Structure formats: structure tokens, C-alpha cells
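A.B. asks: Structure provided below as C-alpha cells; questions to follow.
The values are calculated or read from the model by the stated rules, or taken from the named source; none is laboratory data. These numbers were taken from a predicted model, which means no experiment stands behind them. All Cβ positions, glycine included, derive from the backbone under ideal geometry; neighbour counts span all protein chains shown. For accessibility, only protein heavy atoms count, side chains too; no ligands or nucleic acids. Shrake-Rupley method; radii C 1.70, N 1.55, O 1.52, S 1.80 Å.
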Amino acid sequence: MNIEKILNEIGEIYSPISNECQKEFIANSKISTFKKGEIVVREGQFSKKGYLIVQGCSRAYYLKDGKDISDWFTFENQIMASIVSFFSKEPSPHYVEFIEDSTVIEFTKDTVDILTNKYHDFERFISKVITETMLGLCERLYTIQFNKAEERYKHLLTIYPDITNRIPLTHIASYLGITLETLSRIRNPKNRI
């Protein structure tokens, strides 16, 4: 696996990282693999690890009154972490689970702190990642508050066209704030009563 190539591709998406910074990042991270269904963070745990997804996908979710509610998904070239715990030193309110067998570049918060202090390009990179994450969460909140269920589903498909091939429909329904039955009706208009 060519980590430099992966970091260059990620740099094109967010912000380029110098070769020197890449070498230090690689020296302080590792390639990890996770099986489908593997949970790497549980609610209440402290988590100082982040995962740059090379192949596969993951989700963050809550358990509320026994219900599993998906909060966000990450796919190739995206970073997954328990954001609250990773950045604020608080226990995680989320679970983080891999939904497919996944290969990731695993890194720590300490590595991020050291590299952001040492390299301005890495600081810009992390700033872009955080900004994109926050914009995505704001967009999701707006969509849930102001769009009907069918509009939410269509919007999700514009962002992730193949999501229904990769994420179980129960997780998609909870992410959209609708029941599985409603999602089924939206996906199959012929079955509507």
C-alpha cells in the first residue's frame, strides 16, 4: 500500500501536505484493518484515535432509549473519529463502527497536535477537514429540520450515490430521522397506499 499516494490524494481533496510532513505522519501512524461490525469506540469511552479510511466505510451512532441512531457515515478518503472525545478530552457520546471490512490509516490526537504545531500545511489540512465536517453536519441539521423525508433521501443520494449498496437501510433510515417503513415507501413508490 502506497501511503504517500493516499496522502497526496487526500491533500488534493483538502489541502496539500509537504513530503516532510507526510514522512513524519507516516512514521507516527499505522495501517490497520477492521472487520465489518467491529466497534472501535463505545459511548462513555475516551478516544484519542482517528482513522483515515483507505477502503471501506464506518459510521458514528448513538443509542437513545434502546434505539440505534446513525449520526454520520464516512467513506474512502474521509476521516472518522469520535469528534467530541478526540478534540475535547470528554467521553464519547457516540459509538464508532466499521460497516464494511475496512483498511485505514490510524493516527492519534498527539500526532495531530505535534504536526499542526510543526507544519503550517498540516494545520491547514486539519482546518479544512474540520471545516468540511462541520459544514456537512450543519447541512444535515438543516435538511432534517426543513426538508420532507423524500427530499432528505434524495439529497443523501446526491452526496453518496451508492450509499444504499454499502449501508444497511436501517442505518440510512435512522440517519434521515425516519422509520424503515417510510424509507421503503420512498424507495418504492409503487408500494404506496
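A.B. asks: Out of segment 62-102, which residues are within 18 Å of residue 35 (Cβ to Cβ) and free of Cβ contacts under 8 Å to residues at least 60 places away in the same chain? Explain how you work it out, then say what you get.
C.D. replies: Step one: list which residues in segment 62-102 are within 18 Å of residue 35 (Cβ to Cβ), which gives 73-76, 80, 95-102.
Within segment 62-102, 74, 76, 80, 95, 96 meet the criteria.
A.B. asks: Take segment 69-84 and flag every residue that is open to solvent by 30 Å² or more (accessible area, probe 1.4 Å) and at negative phi. Reasoning before the result, please.
C.D. replies: Quick first cut of segment 69-84, residues open to solvent by 30 Å² or more (accessible area, probe 1.4 Å) only: 69, 72, 76-79, 83-84.
The answer is 69, 72, 76, 78, 79, 83, 84.
A.B. asks: Return the pair list, or none, for Cβ contacts closer than 8 Å from residues in segment 125-148 that are under 17 Å from residue 70 (Cβ atoms) and touching a residue at least 40 places away in the same chain (Cβ under 8 Å) to residues that are in a helix (DSSP H, G or I) and open to solvent by less than 80 Å² (accessible area, probe 1.4 Å), at least 6 apart or on different chains.
C.D. replies: Taking only residues 6 or more apart or on different chains, the pairs are 133/83.
A.B. asks: Considering only segment 9-32, state which residues are farther than 17 Å from residue 108 by Cβ, open to solvent by 70 Å² or more (accessible area, probe 1.4 Å) and touching a helix residue (DSSP H, G or I) at 6+ places or on another chain (Cβ under 7 Å).
C.D. replies: 16
A.B. asks: Further, regarding this structure: Since residue 100 meets every condition but one in (1) closer than 27 Å to residue 65 by Cα; (2) in contact with an Asp or Glu (Cβ under 8 Å, 6 or more places away or on another chain), which condition does it not meet?
C.D. replies: For residue 100, the exception is condition (2).
A.B. asks: Among the residues of segment 45-71, count how many are part of a strand (DSSP E or B) and closer than 27 Å to residue 11 by Cα. So that I can check it myself, show each step before the final result.
C.D. replies: Filtering segment 45-71 down to residues part of a strand (DSSP E or B) leaves 49-55, 58-64, 67-71.
This time we only want the ones that are closer than 27 Å to residue 11 by Cα, so: 49-55, 58-60, 71.
Here the count works out to 11.
A.B. asks: Being of a type in the set (Phe, Trp, Tyr) and open to solvent by less than 60 Å² (accessible area, probe 1.4 Å): is that true of residue 87 here?
C.D. replies: Values: of a type in the set (Phe, Trp, Tyr): yes; open to solvent by less than 60 Å² (accessible area, probe 1.4 Å): no.
Criteria not met by residue 87.
A.B. asks: Consider residue 97 carefully, then state whether it is more than 25 Å from residue 12 (Cα to Cα) and either in a helix (DSSP H, G or I) or open to solvent by 50 Å² or more (accessible area, probe 1.4 Å) (or both).
C.D. replies: On the way: more than 25 Å from residue 12 (Cα to Cα): yes; either in a helix (DSSP H, G or I) or open to solvent by 50 Å² or more (accessible area, probe 1.4 Å) (or both): no.
Here the answer is no, as residue 97 does not meet what is asked.
A.B. asks: Looking only at segment 33-43, decide whether some residue is modelled with pLDDT under 95 and either more than 18 Å from the chain's Cα centre (by Cα) or open to solvent by less than 10 Å² (accessible area, probe 1.4 Å) (or both).
C.D. replies: no
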